[in-house]
Amino acid sequence: MPFISFLTASAGVVGEPLALVSSAGTTFPGLVQYVLSRMKSEAKTLVVAGTGLAGVLWVVMAVLQLSGLPFVGTFLAIEALSGASLFGWMLLMESMSRTARGTTLARYQIYTYLGGLGATLFAGVVVGPQLSLMRYFFAGAGVMYLVNAWVVSRDDARVEAAPGAGKASPRLRRFLGINSLFVFVWSLAWPLFPIAQVDIFNMSETEVAIIAVIGGLSSVMLQRAIGKVADKRRRLVMFTGRFTLACFPLVYALASSVYEIYMVNIISGFTNSTGIAYTSYLFENSVDKRKGIGLYNLANALAAAAGSSFSGLVYVAFSGGDAVAVLRTMLIAVAGARIAVSFLYLTLKEGEGGAVSGGGKAAEAKGDPD
């Protein structure tokens, strides 16, 4: 749902609350997935329960005021439940992708993007500047979540795994360290984007939807090609995927109209598709996949929460004068940090690394802001 941060910023919310909302898609699923990695659970049960309960809460969102603590709290609970569902999907996909990680994960991501494109564009066009109409789409999303949970419950796919155990190897610790540092600098821009959409470009829901759809369509077009490359040149794909993420804060800082943002978001098809490489690297370098997934998501969650919160606090502290100038300066600084940290991915080693050993039987995803 690409509209929640925009709705929050449109209501005049900035600082820590906006930072919490904008990083929720990484922070809360990551924390939940780490807890689940320490517990015995079955993958399909996680998918059905997480999706079904999230569906109920989307319906609840439809009757709440579109701002304030109850709205934000319900949204954060939805993200946490979605994390449980995503963890179940990751366990299922790890089992199904062992012969060709990049290609299989790309196929899964294509269906994920296709499922959301039409709904996102339709919602954005219908709502436009009338933000109160979003409640009807929240209710519709809830119904679709519930239907999806029912469909999955009838499938016979199962992956059971014991709680993860063992210690992370130096190779996994290095990967987690580099990735966490990048997620920190990546998330610095997340609370700044919706502020820029409202205060600099005066966007409507339709324009926010168009941005999301452009990125989704380009992702569908590139997923399979990037998946094949990731199977052969994983480290290069990881580096270029992170390096090109610098384009997004730069365009928000320097663009004169929303049309320039549209053009640059074609690149998000590439950056979204490279997410396959990070998941694939994690799978290939973890003996205990469940423990590896849990550690990876915990590290991302903490880094995203820290980066987004830090950025939100800095903006509030310095935006008392020329808020737009402060916003543009911060976005340019974030772009530079993304470029610098992306080079660290070139130092990672390829191949099987036994990243987590011992413990359980071997058993990304959801998009974050650019």
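The values are calculated or read from the model by the stated rules, or taken from the named source; none is laboratory data. Just so it is clear, the model here is predicted, and its values are computed rather than measured. Heads up, the Cβs are rebuilt from the backbone with ideal geometry, glycines too, and the neighbour counts pull from every protein chain shown. When the accessible area is computed, the model is the full protein with side chains, heavy atoms only, and any ligands, DNA or RNA have been set aside. Shrake-Rupley method; radii C 1.70, N 1.55, O 1.52, S 1.80 Å.
Numbers at a glance
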{"item": "All helices (runs of 4 or more DSSP H) inside region 227-266 with 1 or more residues being under 20 Å from Ile210 (Cβ atoms) and among the aromatic types (Phe, Trp, Tyr)", "result": "247-254, 258-264"}
{"item": "Candidate set: region 19-49, residues that are more than 16 Å from the chain's Cα centre (by Cα) and aliphatic (A, V, I, L, M); chosen: the one farthest from Gln65 (Cα to Cα)", "result": "Met39"}
{"item": "Test: residue in region 31-42 that is buried (at least 21 other Cβ atoms within 10 Å of the Cβ), of a type outside the set (Ser, Thr, Tyr) and within 25 Å of Ala139 (Cα to Cα)", "result": "yes"}
{"item": "Selection within region 174-202 - in a loop (DSSP other than H, G, I, E, B), buried (at least 22 other Cβ atoms within 10 Å of the Cβ) and not aromatic (Phe, Trp, Tyr)", "result": "Leu188, Ala189, Pro191"}
{"item": "Qualifying positions in region 62-75 - in contact with a Gly (Cβ under 9 Å, 6 or more places away or on another chain) and at pLDDT below 85", "result": "Ser67"}
{"item": "Subset of region 1-19 (residues that are closer than 14 Å to Glu79 by Cβ and open to solvent by 60 Å² or more (accessible area, probe 1.4 Å))", "result": "Met1"}
{"item": "Scan of region 267-311 for residues that are open to solvent by 40 Å² or more (accessible area, probe 1.4 Å), at pLDDT below 90 and either of a type in the set (Val, Ile, Thr) or touching a Lys or Arg at 6+ places or on another chain (Cβ under 6 Å) (or both), ordered by number", "result": "Val287"}
{"item": "Residue pairs meeting the criteria (Cβ under 7 Å; at least 6 apart or on separate chains; first under 20 Å from Ala84 (Cβ atoms), in region 15-33; second modelled with pLDDT under 80 and not aliphatic (A, V, I, L, M))", "result": "Val21/Ser5; Val21/Thr8; Gly25/Lys366; Gly25/Asp368; Thr26/Asp368; Pro29/Lys366"}
{"item": "Single condition Arg234 does not satisfy, out of (1) within 16 Å of the chain's Cα centre (by Cα); (2) closer than 19 Å to Val341 by Cα; (3) not β-branched (Val, Ile, Thr)", "result": "(1)"}
{"item": "Any hit, region 151-158, residues being at pLDDT below 85, farther than 22 Å from Leu298 by Cβ, in contact with a strand residue (DSSP E or B) (Cβ under 7 Å, 6 or more places away or on another chain) and open to solvent by 10 Å² or more (accessible area, probe 1.4 Å)", "result": "yes"}
